[in-house]
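Everything on this sheet refers to the single structure shown next.
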Amino acid sequence: MIKCILIDIDNTLLDFHKCAREAMCLAAKDWNIVFPKDYFEIFTEINDSLWEKIEKGELNRQGLFKIRWNMIFEVMGISADGEAFEELFRDYIKKSAIPVDGAEEILEYLSEKYYVCTASNSEFAQQEKRLRKAEMLPFIRKIFTSEEIGFAKPSSGFFEACKRELPQFEKDEIMVIGDSITADIDGANAFGFKTCWFNFNKEADAKCDCADFIVDELIQIKKFL
């Protein structure tokens with residue numbers, strides 16, 4: 001029986017795509033930069049590829065911060081200091097907290113029945129600030145981040161550190177909910193946790209054979225928890 005929930009933050013509780021788009025536009029306005037029409041597609045493709053490298057242990061977050069916007073600017077044909085723009089972009093991200101549809105409702109619902117924590121491959125201060133702004137902190141017992149743990153999902157080190165902080169629960173009493181098949185679902189399954197894949201992008205052909213449950217809308221979680 002599930003007693004504890006570890007829920008991802010970006011593109012599970014908070015809509016990272018909307019937050020990133022907002023941060024990009026504000027930062028570009030500050031620097032008088034004009035992005036091409038496909039600016040967000042370029043950002044997403046490069047950002048996703050870099051996070052895949054982090055999940056594989058081929059890159060760390062600091063490394064991503066150094067190269068992400070230089071790579072994006074190169075593809076866009078923009079001459080600008082990518083590292084400096086990265087700092088401005090992340091400053092705006094820290095202030096952005098746009099919830100995923102149904103996130104507040106499902107978080108409140110889960111908190112009444114389970115011990116709810118978040119599990120994120122990001123910085124503690126940033127995620128705490130964003131969750132506070134979204135008024136979600138009252139429903140969350142602990143915030144686990146790769147920055148504080150020293151390991152990123154899907155590493156077993158990440159989930160082992162979470163379990164160490166949750167000694168009152170057995171592995172099969174903990175469920176991970178998240179949008180990333182590799183980071184959230186594969187990693188949690190390998191460690192022995194139950195899993196629920198949130199199909200954030202609502203991909204009709206998407207498959208996740210290893211998840212215990214799959215939802216396209218967060219509210220659907222009420223059907224089994």
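The values are calculated or read from the model by the stated rules, or taken from the named source; none is laboratory data. These numbers were taken from a predicted model, which means no experiment stands behind them. Positions of Cβ are backbone-derived with ideal geometry, glycine not excepted, and every protein chain shown enters the neighbour counts. These area figures cover heavy atoms from the full protein model, side chains too; ligands, DNA and RNA do not enter into them. Shrake-Rupley method; radii C 1.70, N 1.55, O 1.52, S 1.80 Å.
Modelled label-to-label distance, Cys210 and Arg132, 7 Å Cα→beta-carbon offset: nm?
Distance between label points: 3.6 nm.
For segment 164-225, take the alpha-carbon Rg, divide it by the Kirkwood Rh, and send me Rg/Rh.
Working: Rg = 11.9 Å, Rh = 12.1 Å.
Across segment 164-225, the Cα-based Rg/Rh ratio is 0.99.
Segment 7-53 to segment 150-174: how many Å between their Cα centroids?
Taking the Cα centre of each part, segment 7-53 and segment 150-174 sit 29 Å apart.
Mind checking the log10 I(q)/I(0) for the chain at q = 0.13, 0.18 Å⁻¹? Debye, one equal scatterer per Cα, no solvent, two decimals.
Listed by q, the Debye log ratios stand at -0.75, -1.38.
Hey, with R₀ at 25 Å, roughly what FRET efficiency would Ala190 and Phe169 work out to, going by the Cβ-Cβ distance, to 0.05? Intermediate results must be reported in sequence, preceding the final value.
On the way: r = 18 Å, r/R0 = 0.71.
E(calc), rounded to 0.05, equals 0.90.
Could you state the principal axis extents of the C-alpha atoms in segment 103-225, from the largest down, to the nearest angstrom?
The Cα atoms of segment 103-225 stretch 36, 30, 26 Å along the principal axes, largest first.
What is the extension gain from Met1 to Ala80, computed as 0.36 nm multiplied by their sequence separation minus the C-alpha to C-alpha distance, in nm to one decimal? Write out the running numbers ahead of the final one.
On the way: separation 79, 0.36 × 79 = 28.44 nm, distance 5.31 nm.
Net length gain for the segment: 23.1 nm.
Which of these, Glu86, Glu45, Glu173, has the largest mean-square fluctuation under a Gaussian network model of the chain (Cα springs below 10 Å)?
Of Glu86, Glu45, Glu173, the Gaussian network model singles out Glu45 as fluctuating most.
Per residue, how much accessible area does the chain show when a 1.4 Å probe rolls over the protein heavy atoms, in square angstrom?
Per-residue value: 49 Å².
What pairs in Lys95/Lys194; Lys29/Lys222; Lys94/Lys202; Lys56/Lys94 have C-alpha atoms more than 30 Å from each other? Walk me through the intermediate numbers first.
On the way: Lys95/Lys194 32 Å; Lys29/Lys222 41 Å; Lys94/Lys202 26 Å; Lys56/Lys94 25 Å.
Beyond 30 Å between Cα atoms: Lys95/Lys194; Lys29/Lys222.
Would you mind checking the pairs Lys113/Lys142; Lys113/Lys163; Lys37/Lys133 and listing those with alpha carbons more than 24 angstrom apart? Before the final figure, lay out each step's value.
On the way: Lys113/Lys142 16 Å; Lys113/Lys163 19 Å; Lys37/Lys133 30 Å.
Correct reply: Lys37/Lys133.
Taking 0.36 nm per intervening residue step and subtracting the Cα-Cα distance, what contour gain separates Thr182 from Ser111 on full extension? Please report the intermediate quantities before stating the final value.
Numbers: separation 71, 0.36 × 71 = 25.56 nm, distance 2.57 nm.
In short, 23.0 nm is gained.
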